[in-house]
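Enquirer: What follows is a single structure, and I will ask about it in a moment.
The values are calculated or read from the model by the stated rules, or taken from the named source; none is laboratory data. None of the values given here were measured: they were computed from a predicted structure. Here the Cβ positions follow ideal geometry from the backbone for every residue, glycine too, while neighbour counts run over all protein chains shown.
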Amino acid sequence: MLCISDQLPQFKANLHSHSTLSDGRLTPEELAAAYRQRGYSVLAITDHEYPCDHSELSTPGFLLLTGYEAYLRPSKTNRYDRMGPEIHLNLLAKEPHDLNFVCYDPHFCKYIPLELAEKLPHAGPEGEHRYDRDFINLFIAEAKKAGYLVTYNHPCWSMENPADILSYEGFFSLEIYNTGSYTINHSEHGLAVYDLLLRHGRFPFVHGADDNHNKVPFDDPLSDSFGAWTMISAPELSYPAVIAALEKGDFYASTGPAIHELRMEDGKAYLRCSPAKFIVMQQSPKASWHVYNRDGSPVEEGEFTLPASAPYVYFAVLAAGGTEARTRAYRNPWYKG
């Protein structure tokens, strides 16, 4: 089974960003220019409750994805509580001109002009948002019916009860790295939540993103840009090809290292990557196997025997400087449970 192919190009993507249309400090044009200049190929500008088509900013070699960030809070009037839970979901449109507003509630239109929000196509029931499991699952289902891929954002920042997270159905990927949230809590790493989902039979993909608002310059130590990203394997840089790759899970999350190839065959897993301190095959929080050099010199490939006791495995590449890359979990074809 070929999981990551060195025969396909990889496109660097930020799937979560904010502009002056909501609470970001850069215009959509400035955002696109900044990411294009730094070697990114894909950018999703996902302003809060503001569906917007930015395809006019796409250029040869640089693709804008359409989408927005939805959020549900206990407060019926959208009051922000820094000590309480909430859920944020990114909605990435499968079609570039899809601007469906899902479960429209004017109380949550903090940034978009109401006259514009009213004119957009609406999907799903309108009216009061509720912060409960049934409504959140309804929202995700309606978003998918309206043509969106749904991601679960920054699980640490969101402060949700793990039992609630386990009750949600239909989000296709978990934001395992989030640069913006990391600048706030310095622990925004979704591995524990991801493993919890896996142990309960849930297999979303994982991705990285900036969630950047750019309230400080790029060279500031607390800059929330260019810190985490998603590497998407697709045959070409086109909207349909990128969406198809996302739907299939042909991507991985990174804060630095690159994964060139990952395959599983004949009871073995093989991984090739950029120079790393450790290459890790994870089976559970209690079980992992490492490839490394005892003298500290870098490794660029690893081979693992797939254990018959592990129903799934996922992989990490850990660089000497503390950056890392992580794959989604793959079901183990040699599992004998």
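Enquirer: Select from the stretch 192-231 the residues that are closer than 23 Å to SER19 by Cα and aliphatic (A, V, I, L, M) and write down the one among them that is nearest to the chain's Cα centre (by Cα).
Expert: Among those residues, the one meeting the criterion is ALA209.
Enquirer: Okay, moving on. Does the stretch 76-98 contain at least one residue that is surrounded by fewer than 17 Cβ atoms within 10 Å (Cβ to Cβ), assigned by TED's automatic domain parsing to the domain that holds TYR239 and assigned to a strand (DSSP E or B)?
Expert: The answer is no; no qualifying residue exists.
Enquirer: Regarding the stretch 61-81, can at least one residue be identified that is out of contact with any Leu (no Cβ under 8 Å at 6 or more places or on another chain) and farther than 25 Å from ASP134 by Cβ?
Expert: Scanning the stretch 61-81, I find no residue that is out of contact with any Leu (no Cβ under 8 Å at 6 or more places or on another chain) and farther than 25 Å from ASP134 by Cβ, so the answer is no.
Enquirer: Considering each of ILE140, ILE176 in turn, give the residue that is in the same structural domain as SER17 (by TED's automatic domain parsing) and farther than 24 Å from SER254 by Cβ.
Expert: Result of the check over ILE140, ILE176: ILE140.
Enquirer: Can you name the number of the only condition in (1) within 24 Å of the chain's Cα centre (by Cα); (2) modelled with pLDDT under 95; (3) assigned to a helix (DSSP H, G or I) that LEU138 fails?
Expert: Here LEU138 clears every test but (2).
Enquirer: Now for a different question. So which residues in the stretch 264-278 are in a loop (DSSP other than H, G, I, E, B) and closer than 20 Å to THR305 by Cβ? So that I can check it myself, show each step before the final result.
Expert: Here is the first cut: in the stretch 264-278, the ones in a loop (DSSP other than H, G, I, E, B) are 266-267, 277.
ASP266, GLY267 - these are the residues of the stretch 264-278 that are in a loop (DSSP other than H, G, I, E, B) and closer than 20 Å to THR305 by Cβ.
Enquirer: Working carefully through the options SER58, SER22, SER75, find the one that is farther than 22 Å from TYR152 by Cα and among the hydroxyl-bearing types (Ser, Thr, Tyr).
Expert: Among SER58, SER22, SER75, only SER58 is farther than 22 Å from TYR152 by Cα and among the hydroxyl-bearing types (Ser, Thr, Tyr).
Enquirer: Look through ASN100, ASN90 and report the one residue that is under 22 Å from ILE165 (Cβ atoms) and at pLDDT 95 or above.
Expert: ASN90
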